[in-house]
């Protein structure tokens, strides 16, 4: 899976041009079509179908497009879990709730429309996770933490996640 994601992102980054949204969809369609088989309906109840969406650009409707594409490619009506991964920030800057809000609202709409069961985040620190949790209508069910950024989970993040029943997971995605 890691190699597939890396190949997709490498191919995509070499094609960035004026029509960014169209190029993103073309690369996603290409990668999904080559790497995915439809899920056998008889086996669907035994599987948890999850997707991690890497946020780029400023078009929050790309979330809906990516979820629809994943559902079509897998032959499922809904995804059990979707994680959004915000783009890396430059040194000296930090991610804000205002940046995440349109993407999160799109995810909330997909939960309300039964396209997604649970939604989560990736690489949010305790402060931003708490801000999102307090603001959101549909609360994050998980937050992934990059193994490269810590050996042990930050205690304040662990305490907050435990208090509000947010599952903390680790990932090893390249930055």
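The values are calculated or read from the model by the stated rules, or taken from the named source; none is laboratory data. This structure is a prediction, so every number in the text was calculated from the model and none was measured. When we count neighbours, we look across all protein chains shown, and the Cβ atoms used for this are built from the backbone with ideal geometry, even at glycine.
Tabulated values for the structure
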quantity: Residues located in region 68-102, provided they are under 20 Å from residue 141 (Cα atoms), in contact (Cβ under 8 Å) with a residue 40 or more places away in the chain and over 10 Å from the mean Cα position of the chain (by Cα); calculated: 102
quantity: Selection count, region 127-147, where residues are loosely packed, with under 12 Cβ neighbours inside 10 Å and over 16 Å from residue 106 (Cα atoms); calculated: 2
quantity: Matching residues, region 137-159, being in contact with a strand residue (DSSP E or B) (Cβ under 9 Å, 6 or more places away or on another chain) and over 22 Å from residue 173 (Cα atoms); calculated: 138, 139
quantity: Selection from region 48-85 of residues that are assigned to a loop (DSSP other than H, G, I, E, B), surrounded by 12 or more Cβ atoms within 10 Å (Cβ to Cβ) and modelled with pLDDT of 90 or more; calculated: 49, 75, 76, 78
quantity: Members of region 140-154 found to be touching a residue at least 40 places away in the same chain (Cβ under 8 Å) and part of a strand (DSSP E or B), listed by number; calculated: 142, 144
quantity: Criterion: assigned to a helix (DSSP H, G or I), buried (at least 19 other Cβ atoms within 10 Å of the Cβ) and modelled with pLDDT of 90 or more - qualifying residue of 124, 110, 157; calculated: 110
